[in-house]
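Below is one structure, written out as structure tokens; the observations come after it.
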Amino acid sequence: MDYDKLRQQMVDLQIISRGISDPRVLDAFRRVPRHIFVPEDMRDSAYSDCALPIGNGQTISQPYMVAAMTAQLKLKGNETVLEIGTGSGYQAAILSQLCQRVITIERVESLLEKAKKIIQQTGYNNIKFVTGDGTLGYPDSAPYDGIIVTAGCPRIPQPLVDQLKDKGRLVLPVGSTYQQVLTTVFKAGNEILTEESIPCVFVPLIGKFGWREV
Ligand code: SAH
């Protein structure tokens with residue numbers, strides 16, 4: 001399999017064609033080797049236009065969804081970004097190419113360890129890995145220029161809004177357990193502006209300010 005070629009095609013046919021044009025974002029997707037973040041027996045599907053299972057009932061999101069969420073953070077390069085839901089580590093790897101520092105939180109320890117190992121192979125060294133309930137945010141490194149939640153939220157978790165810098169952006173899927181709407185929260189002084197964009201389907205965010213574990 002020519003993964004490099006498949007990856008360039010993924011960017012052209014799935015990401016640019018759907019309207020994402022930020023050259024820094026496109027460049028990150030052209031570089032980060034998505035196939036190393038999926039289970040070995042699924043590598044040949046890594047650049048397909050869909051989400052894939054990564055174990056523990058969790059998924060690596062569809063490339064376009066990762067790109068759409070990343071683009072909404074409008075990163076310039078000097079930001080600190082918090083990600084909730086490390087999963088495979090792919091989204092964290094993409095973010096690491098676009099900002100100064102990434103903190104990524106995962107509640108399933110075994111997934112976090114796997115993601116950490118894979119990212120070590122890439123040499124991306126501006127990512128901090130944390131195990132825990134990301135609905136509480138991560139106050140130690142707050143406030144953040146950007147926060148991204150890659151699991152479905154029943155509502156906007158207040159700690160995340162509180163840990164956002166003025167002019168910061170929070171991107172998250174909000175809705176029921178089976179369908180959500182991609183939502184961007186923009187903090188402007190005392191004002192909180194929210195904007196909804198595309199429908200999406202994510203695994204549930206489980207925690208104090210998310211869904212209850214069943
Ligand atoms: N961003 C990931 C996709 C994540 S799937 C990637 O690029 O592959 C969603 C992840 O969120 C799952 O791994 C799930 O275990 C995790 N998760 C769910 N609730 C969480 C919480 N409260 N805190 C941290 N992680 C959570």
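The values are calculated or read from the model by the stated rules, or taken from the named source; none is laboratory data. No experiment lies behind these values; they were computed from the predicted model shown. So basically every Cβ, Gly included, is an ideal-geometry build from the backbone, and we count neighbours across all protein chains shown.
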_Matching residues in the range 65-84 - criterion: being within 13 Å of the ligand (Cβ to nearest atom) and out of contact with any strand residue (DSSP E or B) (no Cβ under 8 Å at 6 or more places or on another chain)_ = 66, 67
*Please list, ordered by first then second residue, the pairs with beta carbon atoms under 8 Å, 6 or more apart or interchain, first in the range 83-105 and closer than 17 Å to residue 121 by Cα, second within 6 Å of the ligand (Cβ to nearest atom) and of a type in the set (D, E, K, R).*
86/106; 87/106
_Looking at the range 156-175, I want the residues that are among the β-branched types (Val, Ile, Thr) and have a partner that is part of a helix (DSSP H, G or I) with Cβ atoms under 6 Å, at least 6 apart or on another chain. Which pairs are those?_
171/69; 171/72
_Give all pairs with beta carbons closer than 8 Å in which a residue from the range 202-214 that is within 14 Å of residue 58 (Cβ to Cβ) and touching a residue at least 60 places away in the same chain (Cβ under 8 Å) meets a residue that is more than 8 Å from the ligand (Cβ to nearest atom) and acidic (Asp, Glu); count only pairs at least 6 apart in sequence or on separate chains._
206/213
_Looking at the range 113-138 only, could you name the residues that are surrounded by 20 or more Cβ atoms within 10 Å (Cβ to Cβ) and more than 6 Å from the ligand (Cβ to nearest atom)?_
114, 115, 119, 127, 137, 138
_Tell me the residue from 165, 208 that is part of a loop (DSSP other than H, G, I, E, B) and over 21 Å from residue 93 (Cα atoms), please._
208
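Counting just the residues of the range 139-176 that are β-branched (Val, Ile, Thr) and farther than 21 Å from residue 59 by Cβ, which one comes out farthest from the ligand (Cβ to nearest atom)?
Here the residue is 161.
Okay, residues lined up against (1) at pLDDT below 95; (2) among the charged types (D, E, K, R); (3) over 21 Å from residue 103 (Cα atoms):
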{"position": "129", "(1), (2), (3)": "no, no, no"}
{"position": "139", "(1), (2), (3)": "no, no, no"}
{"position": "143", "(1), (2), (3)": "no, no, no"}
{"position": "149", "(1), (2), (3)": "no, no, no"}
{"position": "162", "(1), (2), (3)": "no, yes, no"}
{"position": "186", "(1), (2), (3)": "no, no, no"}
{"position": "199", "(1), (2), (3)": "no, no, yes"}
{"position": "204", "(1), (2), (3)": "no, no, no"}
{"position": "207", "(1), (2), (3)": "no, no, no"}
